[in-house]
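What follows is a set of notes on a single structure, which appears directly below.
The values are calculated or read from the model by the stated rules, or taken from the named source; none is laboratory data. Remember, it's a predicted structure, so these values are computed and weren't measured experimentally. In this analysis, Cβ positions are derived from the backbone assuming ideal geometry, glycine residues included, and neighbour counts consider all displayed protein chains. Accessible surface areas use protein heavy atoms only, side chains included; no ligands, DNA or RNA. Shrake-Rupley method; radii C 1.70, N 1.55, O 1.52, S 1.80 Å.
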Amino acid sequence: LLKPGDKLRLQVDGFHHVTHELEIDSVGEQIVGPNEARRFVGRDLSDALAVDGPVVLVQASLPSSSFEMDGQRYGFASGMFGKAEAVVRNEVIALAFVPSLKAWVERAWQVAAPNAPSQQPRQVSHVR
């Protein structure tokens, strides 16, 4: 679902009015549990990382070493926390559970509006 080159939106805690667009560098090949995720971030940050269930580790690059908010420049620092969001699937949830319905809806959409772009809602995954 996620792959290198996909985009993440990041909001750093305490700076919620600024959204940073990051590019995914790598996506873990397997789902890992909370303990493995904590080992990945290291001993210094593991206590502050709230992971309740399985996760896929994703690495992304910051667009620069600093950002601006309200005319002030702030630097990113190791240990800053925030929320990242990535689009992981672009389809209506009912269609994901009933694959045969997906083909029928796509044909109906093409007949109703043959030149219109898809208007399906986006599902977003939250990462903290």
- Every listed condition ((1) within 24 Å of L2 (Cβ to Cβ); (2) in contact with a Gly (Cβ under 9 Å, 6 or more places away or on another chain); (3) modelled with pLDDT of 85 or more; (4) among the small types (G, A, S)) holds for A48 save (3)
- Message: Please go through region 28-47 and give me each residue that is touching a residue at least 12 places away in the same chain (Cβ under 8 Å), under 25 Å from A77 (Cβ atoms) and under 20 Å from the mean Cα position of the chain (by Cα), ordered by number.
- Response: G28, P34, A37, R38, F40
- Query: Hey, any hits in region 70-93 for a residue that's at pLDDT below 70 and open to solvent by less than 50 Å² (accessible area, probe 1.4 Å)?
  - Reply: yes
- Task: Within region 1-37, track down each residue that is within 18 Å of M80 (Cβ to Cβ) and β-branched (V, I, T).
- Result: V12, V18, T19
